[in-house]
Structures are given as structure tokens and as C-alpha cells.
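The values are calculated or read from the model by the stated rules, or taken from the named source; none is laboratory data. Remember, it's a predicted structure, so these values are computed and weren't measured experimentally. Cβ atoms come from the backbone with ideal geometry, glycine included; neighbour counts cover every protein chain shown.
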Amino acid sequence: MERFMKYRKWLAIAVLGAFFAAGCAALKESRPILPIKEYEKLIVGRLDADYIGTDNCLKACHAHDKNRRDFDMSTMGSQLSRESGLPLVNCESCHGPGSLAVEQLTPQKLAADAKAGKKTTCDYKTLVDIKNIPAPAQSLICLKCHAANATFNLHNWNASTHSINDVSCSDCHRIHGSHNLKVKVRDTAAMCERCHQDVKAAFSLPNHHPVPEKKVFCTDCHDAHGSASADKLLRRDTVKETCTQCHTEKEGPFLYEHADLTDDCRACHTPHGSVNNNLLTAREPFLCLQCHPSHPIAGTTTAEQKRAVYTRCSDCHSQIHGSDLPSPSGKGNFIQ
Ligand code: HEC
Ligand code: HEC
Ligand code: HEC
Ligand code: HEC
Ligand code: HEC
Ligand code: HEC
Ligand code: HEC
Ligand code: HEC
Ligand code: HEC
């Protein structure tokens, strides 16, 4: 027994060490790391291909004339540097080097295709498989230029719920949609509701922020690219600040505050839509009765009191968000 006590310490260390080693092995196994070249291929395409420029890419082909026209007219396309002749952004910036794709397009092949009435296509499988690479790799294609210091609103992208959940830039931005790359806020509801059906349902409830009416927009409250400090991709640091950008009169501070309730408007309101008036989470008086008892009205008889059922506490407590004026008893109570 004494001997066991003597070696006990060493035994414990050995057991712990074994666990540690096993743990490390598990960590190693669960994170296979690809060679850098593989990642590069995801973003750049075939490494044995060369960049040949938009003109050479499209020389033999008119199928992409509209894409090209739109692109040339867009902010990205107009970045061509006239002095140097070096394009800053062209088709290959996103689709990868194109030499292999057009290698086969010899004048002879074009003539033969034309004669046979066949549509000529380039060997586009040698380009980046832009639609099928993992979402983070898709975004990386954009982020190699739209780094956070170049495009300010992307500062919080990497930590955003969207990025973490494999939403990519091109899920929202349609590069070939038209020449106008700018997102029109009027279109954001449709853009977002494609994926957020439950939110769409909330906005169709009888009481809702006028988003379907296009008076308020998803992007007034949310930044799709991420949020610095608030959860739910909110544009401002807190829920209260998000709401009081428009409802400034609810901001306070008031002499008589409703405890700290108004620090988070969600204590009583739901942001998108509700079956209750005023976007309330519950109807009055039940909303208030969750936290307060009802009370008799001064000057009424007992019988009347028993019959009295308040439906709207805020008929009397009309300054429910806070007030600077005292009530008749001098206490506050949000009467005026
Ligand atoms: C800023 C990045 C970017 C640039 C620059 C760009 N594209 Fe694209 N392109 C994409 C993305 C992303 C897709 C796939 C998603 C989509 O269809 O919008 C795509 C899709 C396409 C498709 C359709 C492929 C398919 O599978 O349907 C064609 C064709 C195309 N691009 C041609 C061009 C041409 C030609 C140019 C140059 C004039 C060009 N692209 C420049 C990003 C880009
Ligand atoms: C090779 C560099 C490069 C790549 C790759 C690139 N962009 Fe751009 N992008 C630019 C430049 C330069 C502009 C024009 C200047 C600006 O507005 O920042 C621009 C403009 C834009 C605009 C319009 C901004 C405005 O105010 O009109 C959007 C939206 C955009 N890019 C999205 C994307 C998306 C999505 C991708 C990936 C599919 C992408 N870009 C890939 C360089 C790039
Ligand atoms: C969930 C949808 C969504 C995703 C994903 C997304 N964006 Fe946006 N993006 C928007 C919306 C909406 C706007 C316009 C309103 C705003 O500024 O929030 C915008 C604006 C922009 C702008 C400014 C030009 C403009 O249209 O006002 C650029 C540049 C841009 N995004 C690039 C990117 C890049 C690069 C990525 C990927 C890293 C990305 N976005 C991912 C929705 C998205
Ligand atoms: C008036 C401000 C406001 C507007 C407009 C708004 N939201 Fe929200 N949204 C919020 C707030 C605040 C939350 C957090 C709610 C919570 O935590 O209970 C939220 C939460 C969400 C969530 C998280 C899930 C959930 O339902 O709680 C999604 C997704 C969402 N909003 C999408 C949208 C979309 C899409 C639109 C436009 C169609 C939109 N929001 C318009 C304020 C707004
Ligand atoms: C391609 C699909 C897609 C599109 C388009 C999209 N989202 Fe999302 N969004 C997601 C996914 C996936 C999540 C994470 C899972 C979830 O909460 O449903 C998410 C989560 C959110 C959340 C919750 C964030 C959190 O922290 O819980 C908000 C808010 C949100 N999206 C707003 C928007 C807005 C605003 C737009 C339009 C500008 C938009 N989304 C467009 C897929 C999308
Ligand atoms: C972009 C501006 C804007 C933001 C941000 C905003 N609201 Fe509103 N809110 C409106 C508008 C516009 C109305 C509709 C007013 C009307 O119809 O007269 C409204 C109406 C309301 C109503 C009354 C609904 C009714 O039945 O008339 C409540 C309650 C409300 N908002 C609470 C909030 C809360 C809580 C937030 C934060 C999550 C918020 N608002 C953020 C603009 C905004
Ligand atoms: C203690 C519950 C409670 C909290 C917390 C609360 N509200 Fe209200 N809010 C109400 C009630 C009840 C009504 C309906 C009052 C009425 O009908 O006079 C209302 C109505 C509103 C209205 C529409 C009528 C009006 O007075 O303009 C807006 C806008 C509003 N609240 C915004 C906010 C904002 C913004 C916050 C957060 C800073 C907030 N509320 C926090 C209970 C609350
Ligand atoms: C989530 C709980 C909650 C809800 C919901 C709520 N209150 Fe309050 N209310 C409080 C708290 C906490 C105080 C501060 C109590 C204190 O300081 O002792 C307070 C204070 C008050 C006061 C001041 C008197 C006092 O006890 O200090 C009045 C009046 C009041 N609330 C009325 C209402 C009315 C009317 C509603 C419904 C529109 C409502 N409250 C909804 C929690 C709530
Ligand atoms: C008919 C008007 C009226 C209605 C309706 C009403 N109250 Fe009051 N309430 C008052 C008055 C008046 C006071 C005392 C104000 C003062 O002088 O300080 C008061 C005081 C209060 C107080 C503070 C009690 C204290 O100890 O100071 C609370 C909490 C309260 N009411 C909650 C509610 C709730 C919850 C409802 C709805 C179920 C409600 N009231 C409906 C008029 C009303």
C-alpha cells in the first residue's frame, strides 16, 4: 500500500499524459489540411493556365456579349486604367486564367463548327468552378479585392452569421444581373426573404413595420455583412439604438424611467410583425399583468372595482416609455 502511495503521483501523470496525447491525435485527425496549392486552385483555377485578358478570352465568342457590355458599364468594369492599359478587374479576376479555355478555339475549329451549324463553346471546365466551390472560397474571390480596408462595410464579414453559415457574396450580389452592381434598398426584402421565409411570414401579420409597403427596409436595421457588437446582424450597437434612429422620442433619458425595461425594446415589442397592435409581444392588459398586479381606481366602490376589467392600461399610463412629469401623487407612474 505504501509503495502504491509512492508511485501514485507518477501514475496520475502517466494517465493524464495518455489522455493528452490521445486528445492531440484526435485534434490532428479532425482537421485535414490541404496543400496551399489546392486552396489556390479553388480561387485562381488551373495553375498551369495563363491570364490572357478579356479581349483574347472573348475574341472567338459572342455568347457573352451581354455579360461583357453590362460589365464594361459597371463600376467594376470601368476600373480599366486607360494610361497603362492594365485592367484592374476583368473576367479573369473572378473566373481565373483563361488560356486553357480558349486554346482549342483555332480558326479551323471555328470554321468547322460554323459549317456544321454547331455552337462553339470554350473549354470552360478549365476555369474556376465558381458556382460549386465551397462558399468561403467563393467569397474569397471577392475579398481578394474587397478587403475590409477597401470596402468599409466588410469589416465584420468574417465573424458574421452569414459568413459562418456558408452564405457567399454571390448569394446576394448578382454580378451579371445588370450593369448596376449597387444593391437597391427597395429590392432587399425580396433578396432576403428568399432564405428567410419565417421573417416574410412575420411581415404579413396584421401589424408590421411597413417593410412590404417599402417605407422601411431590412437594411435600416440589419447589416447583411455583419455587425460590430450586436447580435442578429443589427446595424447599431444595441437594439435600443437601432430603434431610436427613427423613434427618437423614445430615447430618453427620462426623469421617470420604466426601470431598465426600455434599454431593450424587445421587452414589449417584436421588431418585424405581430398579431397585436403596436407590435406588442402580448396584448394589453396581459402585457402589463405579466409584471404588475392590476389595481383599483381611486374613488370607485368595491362592487365597481370587481367589475372593472382594464383592457388598456396605457389609456391612463400613456407615457409608458418614460416621462419627465410627476403623476398626481408625485411618483411618476407614466400618467403624463
Ligand atoms: C466580380 C467577379 C466576376 C467577374 C469580373 C466576371 N464574372 Fe462571370 N460570374 C461570376 C460569378 C460569381 C458567376 C456565377 C454566379 C452567377 O451566375 O451570377 C458568374 C457566372 C458567369 C457565367 C455563367 C456561367 C454559368 O454557369 O451559367 C458566364 C458566362 C460569365 N460569368 C462570364 C463572364 C464574362 C464574359 C466576364 C467578363 C466580361 C465575367 N463573367 C466577369 C463572377 C464574375
Ligand atoms: C479584381 C478585383 C475585384 C474583384 C475580384 C471583385 N471586385 Fe467588386 N469591385 C472592384 C472594384 C475596383 C470596384 C469599383 C470600386 C468600388 O466601388 O469599390 C468594385 C465594385 C463592386 C461593387 C459595386 C460597388 C458600387 O459602389 O457600385 C460590388 C457590389 C462589388 N464590387 C461586388 C463584388 C463581388 C460580389 C465580387 C465577387 C464575386 C467582387 N466584387 C469581386 C474590384 C473587384
Ligand atoms: C445576405 C446578403 C449579402 C451578402 C451575403 C453580401 N452582401 Fe454585400 N450588400 C448587401 C446589401 C443588402 C447591400 C446594400 C445595403 C448595405 O449597404 O447594407 C450590400 C452592399 C455591398 C457593397 C456596396 C455597394 C452597394 O451595393 O451599396 C459592396 C461592395 C458589397 N456589398 C460587397 C459584398 C461582398 C464582397 C460580399 C462577400 C464578402 C458581400 N457583399 C456579401 C447584401 C449582401
Ligand atoms: C425595425 C427594425 C427591423 C427591420 C426593418 C427588420 N428587422 Fe430583422 N430583426 C430586428 C431585430 C431587433 C431582431 C432581433 C429580434 C430578437 O432577438 O428577438 C431581428 C431579427 C432578425 C432575424 C433573426 C431571426 C429572428 O426572427 O429573430 C432575421 C433572420 C431577420 N431579422 C431578418 C430580417 C429581414 C429579412 C428583414 C427584411 C425583410 C428584417 N429582418 C427587417 C429588427 C428589424
Ligand atoms: C442565401 C440565403 C440567405 C440570404 C439571401 C440571406 N440570408 Fe440571412 N441568414 C442565412 C443563414 C443560413 C443564416 C443563419 C441561420 C439562421 O439563422 O437561419 C442567416 C441569418 C440571418 C440573421 C440572424 C443573425 C443572427 O445572428 O442570428 C439575420 C438578422 C439575417 N440573416 C438577415 C438577413 C438579411 C437582412 C438579408 C438580406 C439583405 C439576408 N439575411 C439574406 C441565409 C441567408
Ligand atoms: C427606419 C426607421 C425605423 C426604425 C429603425 C424602426 N422603426 Fe418602428 N416604425 C417606423 C415606421 C415608418 C413606422 C410606421 C409608422 C406609421 O405607420 O405611422 C413604425 C412603427 C412602429 C410601431 C407602431 C406600429 C403601429 O402599429 O403603428 C412600433 C411599436 C415600432 N415602430 C417599434 C419599433 C421598434 C421596437 C424598433 C426597433 C426594433 C423600430 N420600431 C425601429 C420606422 C422605424
Ligand atoms: C414596458 C413595455 C414597453 C417597452 C419596454 C417599450 N414599449 Fe413601445 N409601446 C408600449 C405600449 C404598451 C405601446 C402602446 C401605447 C399606446 O397605445 O399608447 C407602445 C407603443 C410604441 C410605439 C407606437 C406608438 C407611439 O407611441 O409612437 C412606438 C413607436 C414604440 N412603442 C417604440 C418603442 C421603442 C423604440 C422602445 C425601446 C426604446 C419601446 N417602445 C419599448 C410598451 C413598451
Ligand atoms: C417585463 C416586466 C414589465 C412589464 C411587461 C411592464 N412593466 Fe411596468 N415596471 C416594471 C418594473 C421592473 C418597474 C419598476 C418597479 C420599481 O422600480 O419598483 C415598473 C414600473 C412601472 C410603473 C411605476 C410604478 C412602480 O411600481 O414603480 C408603472 C405605472 C408601470 N410599470 C406600468 C406598466 C404598464 C401600464 C405596463 C404595460 C403597458 C407595464 N408596466 C409593463 C416591469 C414591467
Ligand atoms: C383609469 C386609469 C388607469 C388605468 C386604466 C390603469 N391605471 Fe394604473 N394607475 C392609475 C393612477 C391614477 C395611478 C396612481 C398615480 C399616482 O398618482 O401616482 C396608477 C398607479 C399604478 C401603478 C403604481 C402603483 C404605486 O404603488 O404607485 C402601477 C404599477 C399601475 N398603475 C399599473 C397599472 C396596470 C398594470 C394597469 C392595467 C392592468 C393599470 N395600471 C391601469 C390609473 C390607471
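Tabulated results
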read-out: Cys268 of a type outside the set (Phe, Trp, Tyr) and more than 30 Å from Ala201 (Cβ to Cβ); value: no
read-out: Considering residues of region 253-302 that are surrounded by 16 or more Cβ atoms within 10 Å (Cβ to Cβ) and among the aliphatic types (A, V, I, L, M) only, the residue farthest from Glu241 (Cα to Cα); value: Leu287
read-out: Failed condition for Lys115, given (1) among the basic types (Lys, Arg); (2) part of a loop (DSSP other than H, G, I, E, B); (3) farther than 28 Å from His209 by Cα; value: (2)
read-out: Filter pass, Leu143 being of a type outside the set (D, E, K, R) and within 18 Å of Gly45 (Cα to Cα); value: yes
read-out: Residue pairs meeting the criteria (Cβ under 7 Å; at least 6 apart or on separate chains; first β-branched (Val, Ile, Thr), in region 232-247; second more than 13 Å from ligand 7 (Cβ to nearest atom) and assigned to a helix (DSSP H, G or I)); value: none
read-out: Answer from Ile175, Ile164 - the residue that is under 30 Å from Asp72 (Cα atoms) and β-branched (Val, Ile, Thr); value: Ile175
read-out: Listing of helices (runs of 4 or more DSSP H) fully contained in region 179-289 that carry 1 or more residues being under 27 Å from Ala159 (Cβ atoms), more than 11 Å from ligand 5 (Cβ to nearest atom) and modelled with pLDDT of 95 or more; value: 197-203, 239-244
read-out: In region 268-283, residue nearest to Asn333 (Cα to Cα) [restricted to those that are in contact with a His (Cβ under 9 Å, 6 or more places away or on another chain) and of a type in the set (A, V, I, L, M)]; value: Leu280
read-out: Boolean, Ile141 is out of contact with any helix residue (DSSP H, G or I) (no Cβ under 6 Å at 6 or more places or on another chain), under 21 Å from Glu92 (Cβ atoms), in the same structural domain as Pro97 (by TED's automatic domain parsing) and of a type outside the set (Lys, Arg); value: no
read-out: Test: Pro326 is under 30 Å from Phe217 (Cβ atoms), in a loop (DSSP other than H, G, I, E, B) and of a type outside the set (S, T, N, Q); value: no
read-out: Single residue of region 96-122 satisfying the filter (over 20 Å from Arg46 (Cβ atoms) and touching an Asp or Glu at 6+ places or on another chain (Cβ under 8 Å)) that is surrounded by the most Cβ atoms within 10 Å (Cβ to Cβ); value: Thr120
read-out: Verdict on Ala101 being within 27 Å of Lys37 (Cβ to Cβ) and not in a helix (DSSP H, G or I); value: no
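Condition check ((1) part of a loop (DSSP other than H, G, I, E, B); (2) in the same structural domain as Ser170 (by TED's automatic domain parsing); (3) touching a residue at least 60 places away in the same chain (Cβ under 8 Å); (4) closer than 23 Å to Gly177 by Cα) across all residues:
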{"position": "Lys37", "(1), (2), (3), (4)": "no, yes, no, no"}
{"position": "Leu42", "(1), (2), (3), (4)": "no, yes, yes, no"}
{"position": "Thr75", "(1), (2), (3), (4)": "yes, yes, yes, yes"}
{"position": "Ser78", "(1), (2), (3), (4)": "no, yes, no, yes"}
{"position": "Ala111", "(1), (2), (3), (4)": "no, yes, no, no"}
{"position": "Lys125", "(1), (2), (3), (4)": "no, yes, no, yes"}
{"position": "Asn132", "(1), (2), (3), (4)": "yes, yes, no, yes"}
